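Beneath this line is the structure, given in structure tokens, with notes to follow.
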């Protein structure tokens, strides 16, 4: 029986096809998959690079920022000649060089209550590589309302964490009902970050996405994976769906994203105040 793959594809994905629980059928699943990634920074860089190399057919990348010299310490999607350019443009060009078969959709925009539902509608799953709490809660709520799997990742200083939120089995709000007090978790611009930490977590997010697409292995659904780079330790904490969760609970109160002030919820005061 003739293969459905071109000769160059058989060679490119040879190591996947050789795996007994992947094979040509599994590789075809990857090539048919549509993944939305929020952020082309420290987490989004390794995540999108490895998904592209794996052959994920369509990758949508949302980011409204431009490349800065300080990004290059950890954001390997971008290069010196990309400084000043939109991150989504740089990301698309880097991915095309790695795997021209991958379609990259550039969403050069900030995620908001008004646009996120439309943006994620055409994708099978969402990977949250954002770097702030308002966006994490926004992505979470949108994924719950649209019944999309949400692969979460975040980093701080020398540490990181990851989890998978599956429709009907709990969400980010179940794990973190409220954000930390304003000022308790300063950004990397203020306190710095170990460059390899987001690399580790971004790869874990890519791994969870690939396993989910293939339907293999045990996922991080219901678990929070915590990584400590200084101690070189990983530990897992079990969590459960909160039946009183305002978005995924038995009696949800969040049914429309436009009704939620995500900035205010996270204690962020508008600049003019």
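Tell me the relative contact order for the range 33-265 as a rounded percent, counting alpha carbon contacts under 8 Å between residues six or more apart. Show your work: numbers first, answer last.
Numbers: 455 pairs, mean separation 48.5, N = 233.
About 21 percent, as a whole number.
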Working only with C-alpha atoms, what are the Rg and Dmax values of the range 26-72, expressed in angstrom? 12.1, 39
By Cβ neighbour count within 10 Å, fewest first, 12, 173 rank 12, 173
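Among 200, 213, 127, 98, rank each residue by its count of other Cβ atoms within 10 Å, from fewest to most, as a rough exposure measure.
Working: 200 19, 213 22, 127 30, 98 14.
The most exposed by this proxy come first: 98, 200, 213, 127.
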Once the Cβ-Cβ distance between residue 189 and residue 121 is put in as r, and R0 is 30 Å, what FRET efficiency do you end up with, to the nearest 0.05? 0.40
Could you identify which residue out of 163, 219, 130 has the top mean-square fluctuation in a GNM of the chain using Cα springs shorter than 10 Å? 219
Most fluctuating of 67, 22, 191 in the GNM of the chain (C-alpha, under 10 Å) is 191
Counting every Cα pair in the range 1-41, what percent are over 17 Å apart? 39 percent
If one builds a Gaussian network model of the chain from Cα atoms under 10 Å apart, the most fluctuating residue listed among 145, 224, 18 is 18
The simple spin-label model distance between residue 93 and residue 229, using points 7 Å out along Cα→Cβ, in nm, is 2.7 nm
If one takes the longest principal axis of the Cα atoms in the chain, at what angle in degrees, from 0 to 90 and to the nearest 10, does the Cα axis of helix 44-54 lie? 20 degrees
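Contour minus end-to-end for residue 110 and residue 146, with contour as 0.36 nm per residue of separation and end-to-end as the Cα-Cα distance?
Working: separation 36, 0.36 × 36 = 12.96 nm, distance 1.90 nm.
Using 0.36 nm per residue and subtracting the Cα-Cα distance, I get 11.1 nm.
Roughly how large, in nm² to one decimal, is the mean projection of the convex hull of the alpha-carbon atoms in the chain? Could you put the intermediate results ahead of the total?
Details: hull surface 62.5 nm².
Taking the Cα atoms of the chain, their convex hull projects to 15.6 nm² on average.
How big is the Cα convex hull of the range 74-164 in projection, averaged over all directions, in nm²? List each step's numbers first, then the result.
Details: hull surface 28.3 nm².
Result: a mean projected hull area of 7.1 nm².
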Provide, for q = 0.09, 0.16 Å⁻¹, the log10 of I(q)/I(0) from a solvent-free Debye sum over equal Cα point scatterers in the range 92-217. -0.28, -0.93
In degrees between 0 and 90, to the nearest 10, how far off the longest principal axis of the chain does helix 23-32 point, with axes built from Cα atoms? 50 degrees
Let me have the 222 nm mean residue ellipticity of the chain computed from DSSP H runs of 4+ only, each contributing -39500 (n - 2.57), with the sum over all residues rounded to the nearest 500. -9500 deg cm²/dmol
Burial ordering of 79, 152, 107, fewest other beta-carbon atoms within 10 Å first: 79, 107, 152
Between 0 and 90°, nearest 10: helix 133-146 axis offset from the chain longest Cα axis: 60 degrees
Fraction of antiparallel bridges per DSSP, the chain only, in percent to nearest 5: 50 percent
Plugging the Cβ-Cβ distance of residue 69 and residue 243 into 1/(1 + (r/R0)^6) at R0 = 51 Å yields, to the nearest 0.05, a FRET efficiency of 0.60
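Bear in mind that the values in this text are calculations on the coordinates, not laboratory data. As the structure is a prediction and not an experimental result, all values here were calculated from the model. Positions of Cβ are generated from backbone atoms using ideal geometry, with glycine treated the same way; all protein chains shown enter the neighbour counts.
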